[in-house]
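The values are calculated or read from the model by the stated rules, or taken from the named source; none is laboratory data. This is a predicted model, so every value here is computed, not measured. Glycine also receives a Cβ, built like all others from the backbone with ideal geometry; neighbour counts cover every protein chain displayed.
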Amino acid sequence: MNIYRVIVAAWVAVLGQVSEVHARSIENLSEPETVQLPVFEAFFPTQTHTDENAELILLWEFPSDCFFDSRVTVRVNDVDQSVWVQVSAKYFDTHFCGIAVLPQVEAVDLGRLKAGNYTAWDSASGTTGKKLGTLRVSKRMGNAPTWVQTDEIEFFDGKHARIRGMLPASCGGPREFRAQETATRFVEVFPYAPTNNCSGELQPWSRDFEIPIDPNRSTVVWARSSGRNRLAVYSPFLSGFGPSQGRHEESK
């Protein structure tokens, strides 16, 4: 009987400790901490011109599932042609965080920029910043192309992507379609319309293309569109996924 009481007392003590930890975790849930996250990688679309909004694609990671609600703050300086970015996220210290690398990606709209080379910096690395790369902006020579409407990018069989969109019936499909790796694991897709005078009901179109696969790193696919440009990421750790749900703010 004494042994039974000792066992019961031990279990009561253990359950009490677990309850205390759980109570602390619930209490912490009401006060998430805002933390800065380093930009893992940045991609710079080619053929960026002064007559269109420039975009910068940022890739970062949540080190566990206790991170959420990411936000990107951007500051553009046209005088020294620099772009400063900062990624932050909410963090809950619940003591029960699942250790998992969760890639996040976002295409940041920089607005229309002057011609030149803009250097991008990650301000999370301190006052000096970490150089992410260079975005080249040029004046357009000739008429702007007529982009095709793209709506979705999906991945299949571990090495291909499929892009879908809509196009007026008389167009018949994109006149020209290019999917090229313009940087390591960064694929740009350029679907052109045959003419800007297409008419008729909108009809679906799609194209399949191969993407570069690294078993240890993610691949970013970015597609031009007549509307909002499309962005998706293939991760070797997850099935393919689309843009993160982070928020983007422009700092003046």
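What to note about this one:
- Whichever residue in the stretch 202-227 is modelled with pLDDT under 85 and not in a loop (DSSP other than H, G, I, E, B) and, among such residues, is surrounded by the most Cβ atoms within 10 Å (Cβ to Cβ): R217
- D69 being in contact with a His (Cβ under 8 Å, 6 or more places away or on another chain), assigned by TED's automatic domain parsing to the domain that holds F40, part of a strand (DSSP E or B) and surrounded by fewer than 16 Cβ atoms within 10 Å (Cβ to Cβ): no
- Looking across the stretch 147-175, just one residue is under 20 Å from the mean Cα position of the chain (by Cα), crowded, with 20+ Cβ neighbours inside 10 Å and farther than 24 Å from P215 by Cα, and that is T150.
- Of the residues in the stretch 176-196, none is exposed (fewer than 14 other Cβ atoms within 10 Å of the Cβ) and among the small types (G, A, S).
- Which numbered condition P45 misses (of (1) in contact with a Phe, Trp or Tyr (Cβ under 8 Å, 6 or more places away or on another chain); (2) more than 14 Å from E106 (Cβ to Cβ); (3) in a loop (DSSP other than H, G, I, E, B); (4) of a type outside the set (V, I, T)): (2)
- Some residue of the stretch 99-117 being in the same structural domain as T146 (by TED's automatic domain parsing) and in contact with a helix residue (DSSP H, G or I) (Cβ under 9 Å, 6 or more places away or on another chain): no
- You will find that of G129, G165, G172, G142, the residue that is without any contact (Cβ under 8 Å) to a residue 12 or more places away in the chain and in the same structural domain as T50 (by TED's automatic domain parsing) is G142 and no other.
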